[in-house]
Protein chains: 2
Amino acid sequence: MSSWKDNIRKVVPYVPGEQPKIKNIVKLNTNECPYPPSPAVEKAIAEQSKNDLRKYPSITCGELKTALEKIYPVTDDMLFLGNGSDEVLALCFMTYFNSSKPVLFPDITYSFYDVWCDLYNIRYTRVPLDEGFKIRPEDYYGENGGIIIANPNAPTSIYMPLESITDILDHNRDVIVIIDEAYIDFGGISAVSLLEKYDNLVVVQTFSKSRALAGIRVGYAMANKELIAALEAVKNSFNSYTINSLSLAAATAAANDTVYWQDCCSKIKVTRERLIQQLDALGFDTLPSSANFIFTSNKNINAKELFEYLRKSGIIVRYFDKPRINDRLRITVGTDEETDKLIACIKSYLSK
Amino acid sequence: MSSWKDNIRKVVPYVPGEQPKIKNIVKLNTNECPYPPSPAVEKAIAEQSKNDLRKYPSITCGELKTALEKIYPVTDDMLFLGNGSDEVLALCFMTYFNSSKPVLFPDITYSFYDVWCDLYNIRYTRVPLDEGFKIRPEDYYGENGGIIIANPNAPTSIYMPLESITDILDHNRDVIVIIDEAYIDFGGISAVSLLEKYDNLVVVQTFSKSRALAGIRVGYAMANKELIAALEAVKNSFNSYTINSLSLAAATAAANDTVYWQDCCSKIKVTRERLIQQLDALGFDTLPSSANFIFTSNKNINAKELFEYLRKSGIIVRYFDKPRINDRLRITVGTDEETDKLIACIKSYLSK
């Protein structure tokens with residue numbers, strides 16, 4: 001007998017890091033910024049909340065685009081805005097990856113990439129990172145249906161210099177290459193400067209990390225205007241208004257406060273180096289980080305056990321039970337105070 | 001030569017009603033509520049804006065679900081929340097309509113339905129409304145891959161009684177039947193009471209219309225827990241956090257203020273009847289409306305000309321240049337003052 005159950009789509013979804021409601025927890029598991037957003041944000045939200053929430057949001061998002069145009073070498077027709085960079089990337093996969101050849105991405109990277117491929121029935125091949133967890137550009141020279149690379153990569157935290165991206169682009173002029181720059185502001189140089197030369201490049205960024213606004217869900221893509229128009233059309237076939245009025249106002253205020261933003265990034269970089277040094281002293285091996293998190297291991301410690309010990313002590317970090325990386329922990333760079341608590345807790349674990 | 005352009009998806013998107021920035025315009029084109037949202041909303045947003053926007057939003061949206069559970073006969077595992085009912089519906093199409101048989105919906109209805117079918121390569125058949133623009137349940141008895149019906153329908157404004165929905169459900173136990181109730185609060189009875197009997201029914205509602213919050217983008221689906229779990233899995237394969245913290249707080253406050261909500265609906269219904277009477281007196285033929293808009297024609301008037309005349313006079317309504325309905329205008333029920341301006345403008349057009 002036929003049943004409605006036959007027509008239901010079954011998928012294996014992405015599993016995000018937990019968002020526990022426990023108070024006083026040290027939350028170093030989802031790479032949020034430890035500092036609040038620019039003070040201009042609260043003011044902008046308060047103003048917007050008085051202003052016609054009964055009406056649909058701006059469909060052009062003009063003010064936010066204007067703010068971003070002041071920061072990046074793009075015009076408004078080279079900008080696409082979405083409900084978090086996850087939505088931007090999901091729509092990019094749907095719009096740009098329609099080849100019968102496989103899309104390429106590293107074997108160790110953001111674990112949403114294969115989920116999106118499965119969702120949209122896109123073929124893909126995972127390309128192994130080298131032994132030092134680095135991306136080898138030459139591994140991306142072969143035939144493919146598109147490429148996506150997180151830079152800095154997650155959870156490795158390693159940044160690939162622009163010449164390597166240029167190398168990959170030079171060998172891939174007939175497919176779309178997406179650079180996912182969620183963590184670029186913590187030490188890397190954005191590939192946005194390459195847009196002028198490469199019409200097949202898409203750069204994706206977010207307000208969730210360096211702008212301290214994971215709660216408002218705003219991300220953006222930058223590319224040539226033909227690529228952006230195609231993405232807009234797909235978006236408008238999915239949901240006309242993906243960014244609400246309040247998030248638009250908040251993101252615009254944050255984008256305009258570049259001094260605060262740069263200051264946040266600087267503070268996080270200083271704390272990161274301090275954290276790495278303290279871990280070094282405890283025998284940890286930490287990959288060189290250009291992100292607001294680190295990826296670390298200690299050959300004398302079982303990573304999963306340390307993860308669980310930290311959790312019981314009120315400190316949440318991220319452990320991935322996956323090949324090649326199940327001896328490591330991904331730890332968000334918090335405040336100096338949070339870092340001190342983390343180090344103290346690791347010391348107490350080591351002295352058990 | 002191969003080109004990245006070969007892999008780009010080309011679609012014909014939905015075109016929403018315009019959102020002009022002209023001041024002092026009477027905006028009766030996108031069925032927004034003419035009244036502001038509950039006063040509790042502004043307060044809730046202000047509080048939320050101080051509260052950890054740096055962190056990702058709640059993934060369970062528990063408080064909003066609790067608020068909705070007080071209104072509808074559902075448990076939290078029967079509720080799905082999304083970034084506007086457009087996103088909820090888009091994800092429903094992707095999750096529930098995976099048959100090789102065509103999905104059925106009326107020939108005159110929300111024009112996003114065929115756009116979503118095209119986006120997801122879903123076969124569909126448009127079923128003609130009868131001469132009075134009503135849905136005939138018996139037209140939905142045949143084999144199909146699913147059914148979606150807007151109730152009240154748009155742009156017709158006509159409500160189909162629950163016994164007709166029951167009739168359609170009784171003849172379609174092996175496919176998913178979605179009832180899109182964006183306008184249900186303005187005179188209809190929700191099909192949510194049928195969820196207990198029909199495990200293949202999905203009811204979709206929104207905060208954009210009766211709760212005066214189009215700007216925050218929140219919609220929801222109600223169905224049996226197996227259907228909701230499948231929808232959640234697809235959502236979590238697309239974007240883990242589709243509702244931002246501010247919109248969650250705003251929607252929760254609005255959902256909890258049921259007195260204000262019912263009062264808004266009552267005022268709109270009173271103005272609607274007044275508007276219909278005034279149009280009757282001017283020779284218009286208006287379909288019986290259970291929505292916050294009306295669908296009207298006048299055999300002595302060219303609808304497109306009147307649409308353009310109103311627009312020049314600062315009043316925007318909606319005209320669809322489509323077969324069967326190109327002699328009609330869809331007009332949102334505004335405030336009494338806006339209605340008076342509209343009627344005065346129509347009178348001035350008639351006296352030309």
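Just so you know, all these numbers are worked out from the coordinates, no wet-lab data involved. Everything numeric in this text was worked out from a predicted model, so none of it was measured. Please note: Cβ atoms are built from the backbone with ideal geometry, for glycine as well, and neighbour counts cover all protein chains shown.
Quick check: Cα centre of the stretch A:246-307 to Cα centre of the stretch B:314-335, how many Å?
The stretch A:246-307 and the stretch B:314-335 have Cα centres spaced 54 Å from each other.
Taking the Cβ of each residue in B:87, A:138, A:69 as the centre, tally the other Cβ atoms inside 10 Å and list the residues starting with the fewest.
Lowest count first: A:138, A:69, B:87.
Based on the alpha-carbon gyration tensor of the protein assembly as shown and its eigenvalue square roots a ≥ b ≥ c, which shape applies: rounded if a/c is under 1.5, prolate if not and a/b is larger than b/c, or oblate? Show your work: numbers first, answer last.
Working: a/c = 1.81, a/b = 1.75, b/c = 1.03.
Prolate is the answer for the protein assembly as shown, as a/c is 1.5 or above and a/b outweighs b/c.
Give me the extension gain from residue A:174 to residue A:43: residue separation times 0.36 nm, minus the current Cα-Cα distance, reported in nm with one decimal.
42.6 nm
Can you give me the Cα centroid spacing of the stretch A:70-92 and the stretch B:1-33 in angstrom?
Using only Cα atoms to place each centre, the spacing works out to 16 Å.
How large is ³J(HN,Hα) for each residue in the stretch B:286-300, as worked out from phi by the Karplus curve 6.51 cos²θ - 1.76 cosθ + 1.60 (θ = phi - 60°), to whole Hz, x for Gly and Pro?
Each residue of the stretch B:286-300 in turn: 10, 5, x, 9, 10, 10, 9, 8, 10, 10, 9, 9, 8, 5, 8 Hz.
With label points built 7 Å along Cα→Cβ from the Cα atoms of residue A:138 and residue B:347, find their separation and express it in nm.
8.4
Size of the dipole of the stretch B:39-256 about the Cα centre, Lys and Arg at +1 and Asp and Glu at -1 on the beta carbon, nothing else charged, in debye to 20?
Values: 18 positive and 28 negative charges, 158 e Å.
With only Lys, Arg, Asp and Glu charged at Cβ, the dipole is about 760 debye.
Calculate the FRET efficiency for residue A:312 and residue A:21 from the Cβ-Cβ distance with a Förster distance of 25 Å, rounded to the nearest 0.05.
So, using R0 = 25 Å, E works out to roughly 0.90.
So if I place +1 on the C-beta of Lys and Arg and -1 on the C-beta of Asp and Glu, and nothing else carries charge, what would the dipole magnitude of the stretch B:284-343 be about its Cα centre? I want it in debye, nearest 20.
Roughly 320 debye, rounded to the nearest 20.
Once the Cβ-Cβ distance between residue B:337 and residue A:66 is put in as r, and R0 is 45 Å, what FRET efficiency do you end up with, to the nearest 0.05?
Between residue B:337 and residue A:66 the formula returns 0.85.
Of B:164, B:214, B:108, which is farthest along the charge dipole of the stretch B:39-256 in the positive direction, counting Lys and Arg as +1 and Asp and Glu as -1 at C-beta?
Going by the charge dipole, the pick is B:214.
Indicate the gyration tensor shape class of the stretch A:115-202 (rounded, prolate or oblate), computed on the Cα atoms with a ≥ b ≥ c the square roots of the eigenvalues: a/c under 1.5 is rounded; otherwise a/b larger than b/c is prolate and the rest oblate.
Working: a/c = 1.37, a/b = 1.11, b/c = 1.23.
Rounded is the answer for the stretch A:115-202, as its axis ratio a/c remains below 1.5.
When 1/r is averaged over all different Cα pairs and the result inverted, which Kirkwood radius in Å belongs to chain A?
Values: mean 1/r = 0.0469 Å⁻¹.
After inverting the pairwise mean of 1/r, the radius is 21.3 Å.
What is the order of B:52, B:336, A:6, A:180, fewest Cβ neighbours within 10 Å to most? Spell out each step's value before the answer.
Numbers: B:52 17, B:336 14, A:6 11, A:180 29.
In order of increasing Cβ crowding within 10 Å: A:6, B:336, B:52, A:180.
Which of B:95, B:258, B:30 has the fewest other C-beta atoms within 10 Å, and how do the rest follow up to the most? Please list the in-between numbers first.
Working: B:95 27, B:258 13, B:30 19.
Result, fewest neighbours first: B:258, B:30, B:95.
Would you mind classifying the stretch B:149-277 by shape? Square roots of the alpha carbon gyration tensor eigenvalues, ordered a ≥ b ≥ c; an a/c under 1.5 is rounded, otherwise it is prolate if a/b is larger than b/c and oblate if not. Kindly include the intermediate steps, with their values, before the conclusion.
Values: a/c = 2.21, a/b = 1.10, b/c = 2.01.
Taking the square roots of the gyration eigenvalues as a ≥ b ≥ c, the stretch B:149-277 is oblate.
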